[in-house]
Amino acid sequence: MRQFISKTLKRLEKLSIDQIREILISSSGEIERLETVIDSLPRGILVCDISHRLILANKSARRFLSIAPNEQSKEFVWNLVQKEAVSEFLADTILATDKAEEKEFSVDGGGTERLLSVSVMPLVQEQKIQGSLILIDDISDRKAREALMRRMESLASLTTLAAGVAHEIKNPLGSLSIHVQLIQKAIEAQKLLCPQISKEPEFHEKVDRYLNIVNEEVDRLNAIVVDFLFAVRPMNVELKKGDINAFIEELAEFVLPELKEKKINFSLNLEENIPLTDFDPALMKQALLNLIKNAADAVKAGGKLAVNTVYSDGKIIISVCDTGTGISQENLIKIFDPYFTTKDNGTGLGLTVVFKIIKEHQGEIKVDSKEGEGSIFSIILPVPDLSRKMIPFITESQ
């Protein structure tokens, strides 16, 4: 196209007005086509001149960085970007005539946290720098897929080690618990046989306290081993067709007293006429209780916690929403990983178990969260297509 225009300019004096008009119309069509292609790209593109003013921005770039469609190019490009962290990065990189590739930024994309990758490189023409080229990619889905693959790999590797290691730990824990109980019984018997021992109550109180602590720690370790085994062993899923709304209402009655005690405002928003679907009541109860408990731990007194259901596109969506502390973007892609926890006494296996239960139901679990505002965990369950019917077998005689 450039060569064609260059040749046309050299012979411009020999062309008639009609020929010039035809060339201009043709060139205009080509330019419009190129602009359409650039605007259709999912990758954001910004082009700046040598004085760092914006001369081209496609729709994706404007959407990612909240740049108005008719933004004037008199300002430096970084002054047009509403995202402060991105603006500072662009200013520092461009002014330093530096090159930067795939710098990641967390931004608010219409109420949802999105992860952007921003690259800056010089715009070179005829071996001279004529400006800057800025490329922006939304890598949220890619990062989520990578986290999913890493999570599945972690579960697979854990499974190979789980049974042997867990049983090797569980057996001595059982022995410890039994022997602590025997020590306690022996001390009680000694008190009866030797009345003079009873004259030292402080000593016995200390011994009882220490032994109780040992018992508590043994029970805690035993619970961790049980969770570990549950997280890695194959699940025996028994799917039954049921009413998910009725199931959630029954579950709500179970958790309501504890939530009231914590002064948490709890609500149910269940869409009517949701179709029956297949689920394992025991496993689904464990998954939802885990999500509700986590939400309750994140919410302060007076905060809100809600469980919602929606039926859309052949899927039931169960959402557990809270107005708690929220989850940082950095931790958001790790929360389903085994042993990852931000709690002081957490095992890091609770959400791993939830993830596994939902996968066993051929479903999905997603999370949207913002620090300081709260989180939404969404369980997406498929609903069998009841409209499908068997095709009748037709014999040759028919």
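The values are calculated or read from the model by the stated rules, or taken from the named source; none is laboratory data. The structure presented is a predicted model; accordingly, all values stated were derived computationally and were not measured. FYI the Cβ positions are ideal-geometry reconstructions off the backbone, even for glycines, and counts take in every protein chain you see.
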Handout entry: Residue pairs meeting the criteria (Cβ under 6 Å; at least 6 apart or on separate chains; first over 14 Å from PRO275 (Cβ atoms) and hydroxyl-bearing (Ser, Thr, Tyr), in the range 376-388; second at pLDDT 80 or above and buried (at least 18 other Cβ atoms within 10 Å of the Cβ))
Key = SER378/ILE317; SER378/SER319
Exercise for the section: Test PHE247 against the criterion of being surrounded by 13 or more Cβ atoms within 10 Å (Cβ to Cβ), at pLDDT below 75 and within 46 Å of the chain's Cα centre (by Cα), and give yes or no. Expected result: no
Problem - Filtered residue count, the range 86-129, keeping only those that are surrounded by 12 or more Cβ atoms within 10 Å (Cβ to Cβ), free of Cβ contacts under 8 Å to residues at least 12 places away in the same chain, polar (S, T, N, Q) and out of contact with any Leu (no Cβ under 9 Å at 6 or more places or on another chain) - result: 0
Problem - the range 276-295, residues that are buried (at least 20 other Cβ atoms within 10 Å of the Cβ) and within 19 Å of the chain's Cα centre (by Cα) - result: ALA287, LEU288, LEU291, ILE292, ASN294, ALA295
Fill in the blank from the handout: The condition from (1) under 23 Å from ASP278 (Cα atoms); (2) buried (at least 22 other Cβ atoms within 10 Å of the Cβ) that LEU332 misses is numbered (1)
Fill in the blank from the handout: Filtering the range 24-50 down to residues that are of a type outside the set (Asp, Glu) and either crowded, with 16+ Cβ neighbours inside 10 Å or touching a residue at least 60 places away in the same chain (Cβ under 8 Å) (or both) yields ILE38, PRO42, ARG43, GLY44, ILE45, LEU46, VAL47, CYS48, ILE50
Exercise for the section: Among the candidates ASP219, ASP297, single out the residue that is in contact with a helix residue (DSSP H, G or I) (Cβ under 8 Å, 6 or more places away or on another chain) and closer than 21 Å to LEU349 by Cα. Expected result: ASP219
Handout entry: Cβ pairs under 8 Å, 6+ apart, first in the range 244-269 and under 13 Å from GLY303 (Cα atoms), second of a type in the set (Gly, Ala, Ser) and part of a helix (DSSP H, G or I)
Key = LEU259/ALA296; LYS262/ALA296; ILE264/ALA296; PHE266/ALA252
Handout entry: Condition met for GLU113 (over 30 Å from SER328 (Cα atoms) and at pLDDT below 85)
Key = no
Fill in the blank from the handout: Only one of VAL237, VAL255 is touching a Phe, Trp or Tyr at 6+ places or on another chain (Cβ under 8 Å) and either under 21 Å from ILE357 (Cα atoms) or crowded, with 17+ Cβ neighbours inside 10 Å (or both), namely VAL255
Handout entry: Residues within the range 23-43 that are more than 30 Å from LEU116 (Cα to Cα) and modelled with pLDDT of 75 or more, tallied
Key = 1
Handout entry: strands (runs of 3 or more DSSP E) wholly inside the range 277-331 that include at least 2 residues being in contact (Cβ under 8 Å) with a residue 24 or more places away in the chain, farther than 16 Å from GLU360 by Cα and out of contact with any Asp or Glu (no Cβ under 6 Å at 6 or more places or on another chain)
Key = 304-312, 315-322
Practice task
Answer yes if at least one residue in the range 339-349 is modelled with pLDDT of 85 or more, outside the structural domain of ALA147 (by TED's automatic domain parsing) and farther than 18 Å from ASP313 by Cβ, and no otherwise.
Solution key: no
Problem - Residue list for the range 68-85, filter: surrounded by fewer than 18 Cβ atoms within 10 Å (Cβ to Cβ) and farther than 17 Å from SER117 by Cβ - result: ALA68, PRO69, ASN70, GLU71, GLN72, SER73, LYS74, GLU75, ASN79, GLN82, GLU84
